[in-house]
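The values are calculated or read from the model by the stated rules, or taken from the named source; none is laboratory data. Note that the structure is predicted; figures quoted are calculated from it, not measured. Counting neighbours? That spans all protein chains shown, and the Cβs are built from the backbone with ideal geometry, glycine included.
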Amino acid sequence: MAEWTECMNFGITIARQASKVILEAFRAKKDVMLKSSPADLVTETDQRVEKMLISRIRERYPTHKFIGEESVAAGEKLELTDSPTWIIDPIDGTVNFVHRFPFVAISIAFAVNKQTEFGIVYSCVEDKMYRAQRGGGAFVNDVPLHTSGQEDITKSLVVTEIGAERDCLALCTMTTNIMNLLAIPIQGIRAVGTAAVDMVLVATGGADAYYHIGMHCWDIAASALIVTEAGGVVLDTDGSEFDMMSRKVIAASSMPVAKRIAQVVRAFPCTRDDEDPARVNNGGHCISSGL
Amino acid sequence: MDDPWMECMDHCIAVTKEAGKMIREALQKDISIMQKSSPVDLVTETDQKVEALIISSIKKKYPTHSFIGEESVAAGAPSILTDSPTWIIDPIDGTTNFVHRFPFVSVSIGFTVNKEIEFGVVYSCIEEKMYTARKGKGAFCNGVPIKVSGQEDITKSMVLTEMGFKSDLQHFRTMMANMESILTIPVHGIRAPGSAAVNMCLVACGAADAYYHIGIHCWDMAGGAAIIREAGGVIMDITGGPFDLMSRRLVTASSKAIAEHIAQKIQPFPCGRDDTED
């Protein structure tokens, strides 16, 4: 819809502004805090960038709502209503950011009536601006994107993440999933450390599928639209309809590849992002064994 | 005093740049794929063309030098390392990435004399990052000096490795168990970019703190080994013993403390050697 194009262009502008803060901090020494586990990191830059994005959007669109990773971590309610809502991850790939591993993205999605109208993923170290508007195709630096179209799982390169969970059930499930996929066989498994960039790599055709359990809506809302607008599919890991609050996703070049992955991959239990509005000070980590 | 191998290194950099250009051009076209030892061990015509380009260019200038090249060995050439000046070449490290246009693809060359690595060149050609190191003269990326992170605390480290199918179930399980052992130390994270040579350079420039792998080849490691050492990092066998270029396995890290910690955690599984018949 044309009315959301102006919002998207504004989103792109502020993403570029925010990237300047991120890139300056990328080179500097960083103080690191832990969230839900010793591998779930946050920095002052995450918090500063999110505040900056939200305040600029609020100035321009005072009635719009927000779901932001650091705001939720600080205790704000996570609720997706029908209102125009910006879903923000100020730094997707905080561990990469801390280590200067070159995949760090700002992810901004915009939903109205709970439907994603546009998605922006700015991989700022690479200076690659990925965007898609519903019905308008997907682009990187204004060049159109298409998934690989691969339908044969045995010719597929699959991206996933090792994730921040360190509990037994999550780890065992994660490694079993990888082993079962490699045994199909597929052509390889890759992991670059940010859900948003992993998924847009599927949109570029550089990978044929991505799956993960345990990330959050702010990690995938934008890139899910970018994948579908590039001709790909997104599903839940059990093969059912994609639900951005479920903390599970398969994004693939084609339905046959997505369905094949859904047959193999098992999820470990995860608290939904919209399940506990009064969540306190953690990102809502996944439930471990012993329940 | 003149450096006898500097001229070789300059020639190496020049031919590597040409090879990188050939690879980037091939990425614009259709890529037809052949399989080597298994459905996941891929090779393309570009691998073979690039290796032929490199070897013929070096042979013209240095006719007495020896070669160990991935595609030549696949075609039956020996892979024994002698004292002769020897070029150890992987024309495309990350062939699977190349086939898929996944962004980490490199040309890797290590040069040995008396079995010592004198210099290494790794060209991550999609990113256009040329990593170089001459023994005793430091490591560089596009001419800018690089250094490892210096991280000594394993619980603050980011570790690279690769995961591939193994037909032996025990080896396959051990590979995954190793990854779980490292994760539960805990470390900050594990990444798998898909090219051994690029992984070594990512450790060398401080973007990651360690890389371990069982099952690669000397041509994957020779170039990167020089670069890691000259960037101040360490490289050793996965048992904690000295690095052995023909052993098909390694741990490299920003510090001895991290390398040894990883070596303690990893269980080996048999992977053959490059200098014996499989």
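Some notes on this structure:
- Across region A:78-92, the qualifying residues are those that are touching a strand residue (DSSP E or B) at 6+ places or on another chain (Cβ under 6 Å) and part of a loop (DSSP other than H, G, I, E, B), and the one among them that is farthest from B:ALA210 (Cα to Cα) is A:SER83.
- Checked against (1) farther than 24 Å from B:PRO270 by Cα; (2) within 7 Å of another protein chain (Cβ to nearest Cβ); (3) buried (at least 24 other Cβ atoms within 10 Å of the Cβ), B:SER149 passes all but a single condition, namely (2).
- So B:THR96, is it surrounded by fewer than 23 Cβ atoms within 10 Å (Cβ to Cβ) and not assigned by TED's automatic domain parsing to the domain that holds B:TRP219: yes
- Condition check for B:LEU183: within 11 Å of chain A (Cβ to nearest Cβ), over 16 Å from the mean Cα position of the chain (by Cα) and not β-branched (Val, Ile, Thr): yes
- Residue in region A:158-167 that is more than 10 Å from every other protein chain (Cβ to nearest Cβ) and either in a helix (DSSP H, G or I) or closer than 17 Å to B:ARG173 by Cα (or both) present: no
- The set of residues in region B:192-234 being among the acidic types (Asp, Glu) and under 20 Å from B:PHE119 (Cβ atoms) consists of B:ASP220, B:GLU230.
- In region A:131-156, residue nearest to A:MET255 (Cα to Cα) [restricted to those that are within 19 Å of the chain's Cα centre (by Cα) and part of a strand (DSSP E or B)]: A:ALA138
- Restricting attention to region B:152-172 and to residues that are outside any loop (DSSP other than H, G, I, E, B) and crowded, with 23+ Cβ neighbours inside 10 Å, the residue that is nearest to the other protein chains (Cβ to nearest Cβ) turns out to be B:MET158.
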